[in-house]
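Colleague: So that we are looking at the same thing, I have put the structure below in structure tokens.
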Amino acid sequence: MNDAHQERPKWKGEDMPRYLMILNYTGGVDKTPGGMAGWSAEELQGHASYYERLNKALTDSGELVQLEALTPPDQAFVVTSDGTDTTVTDGPFQEFKEWVAGYMIIDAETEARALEIAGLYSAVPGAGGRSTQQPVQVRRMYHGTDGSSVEDTIAFGEASIE
């Protein structure tokens with residue numbers, strides 16, 4: 001599943017569009033004091049089981065390409081460099097309002113299907129078994145070989161390291 005050289009699924013004879021779905025540490029509509037730390041063992045299990053079932057279904061359908069959960073913000077680093085000197089600062093970073101908790105890469109035939117899958121991730125249950133309505137950012141990935149137009153290429157811009 002994580003092999004970058006695997007053959008991509010085809011849609012209308014072209015590589016299927018690929019989408020990045022980003023989850024952050026905001027709790028959606030769940031306002032449990034302490035966040036997930038305040039959930040019962042059953043609520044945590046329901047949350048994890050939902051993700052397991054959804055991820056298996058999307059893997060079985062060939063739509064889930066990769067997913068990763070990330071360590072919490074207090075274990076993060078921020079790196080800045082001018083090309084000569086590099087500064088590394090370790091967390092926590094209170095000035096950030098949103099921290100990425102994890103991401104999924106999805107192959108979807110259409111944008112509508114990608115948004116439908118994002119809705120499934122957003123509906124993950126939380127406290128009391130209620131949907132967390134976790135915000136999911138959906139962004140189409142640029143590949144150039146997936147039917148992107150010349151205008152898409154120009155809009156994306158060019159980057160090089162010399």
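Coordinate-derived values only; no laboratory data. Not measured: the values here are computed from a predicted model. When we count neighbours, we look across all protein chains shown, and the Cβ atoms used for this are built from the backbone with ideal geometry, even at glycine.
Colleague: Taking the number of other C-beta atoms within 10 Å as the exposure measure, put Tyr142, Tyr19 in order starting with the fewest.
Modeller: Tyr142, Tyr19
Colleague: So, one more: What ranking of Ser81, Ser122, Ser49 emerges when the number of other C-beta atoms within 10 Å of each C-beta is taken as an exposure proxy, fewest first? Display every interim value, and only then the final one.
Modeller: Details: Ser81 9, Ser122 16, Ser49 12.
In increasing order of surrounding Cβ atoms, one gets Ser81, Ser49, Ser122.
Colleague: Find out how many positive minus negative residues lie around Gly126, taking Lys and Arg as positive, Asp and Glu as negative, among other residues whose Cβ is under 11 Å from that of Gly126.
Modeller: After counting each charged neighbour, the total is 0.
Colleague: So how much slack lies between Val79 and Lys56, counting 0.36 nm per residue of separation and subtracting their Cα-Cα distance, in nm?
Modeller: Numbers: separation 23, 0.36 × 23 = 8.28 nm, distance 3.51 nm.
Gain in length upon complete extension: 4.8 nm.
Colleague: In what order do Val79, Val138, Val124, Val29 fall by count of nearby beta-carbon atoms within 10 Å, going from fewest to most?
Modeller: The order, fewest Cβ neighbours first, is Val79, Val29, Val138, Val124.
Colleague: For a protection proxy built on the mean count of beta-carbon atoms within 10 angstrom, sort 131-137, 34-40 highest first, please.
Modeller: 131-137, 34-40
Colleague: Based on the Cα gyration tensor of the stretch 15-156, what are the three equivalent ellipsoid semi-axes, each the root of five times an eigenvalue, rounded to whole Å and given largest first?
Modeller: Values: eigenvalues 157, 128, 29 Å².
Sorted largest first and rounded, they come to 28, 25, 12 Å.
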